[in-house]
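For reference, the structure is listed below as structure tokens.
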Amino acid sequence: MHKKVICKKCDAVISQCRCMAGDKKIEYDLCDKCKGENERTQCWFCGERMVWGGDHSAEDYGMPGDGIVANLSCPQCEATALFHSAG
């Protein structure tokens, strides 16, 4: 199906087929920016939205201090990310 997806809030083109067909079906959705997502939740490697796995103490990861470590993983390419807050 030939289609083009446009953000219903900011009119940005989210996706479209690459063909030259002029009869593309137009669908509306929200782009990531308008959904309120930020770059911290996107995988550095593939751009997929990362999934929060939990928060742990810095001590659980062998880090000094009272900080918190949040871990996220990518369901697409299986990359992981750790975010450490100094405590």
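The values are calculated or read from the model by the stated rules, or taken from the named source; none is laboratory data. Treat the numbers as computed from the prediction; the structure is a model and nothing was measured. All Cβ positions, even for glycine, are placed from backbone atoms using ideal geometry, and neighbour counts span all protein chains on display.
At a glance:
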item: Hey, Gly36 small (Gly, Ala, Ser), in contact with a Gly (Cβ under 8 Å, 6 or more places away or on another chain) and either at pLDDT below 90 or not assigned by TED's automatic domain parsing to the domain that holds Lys8 (or both) or not; result: no
item: Candidate set: the range 1-20, residues that are exposed (fewer than 11 other Cβ atoms within 10 Å of the Cβ) and at pLDDT below 85; chosen: the one farthest from Phe83 (Cα to Cα); result: Met20
item: Residues being surrounded by 12 or more Cβ atoms within 10 Å (Cβ to Cβ) and over 20 Å from Trp44 (Cα atoms) - total across the range 66-86; result: 2
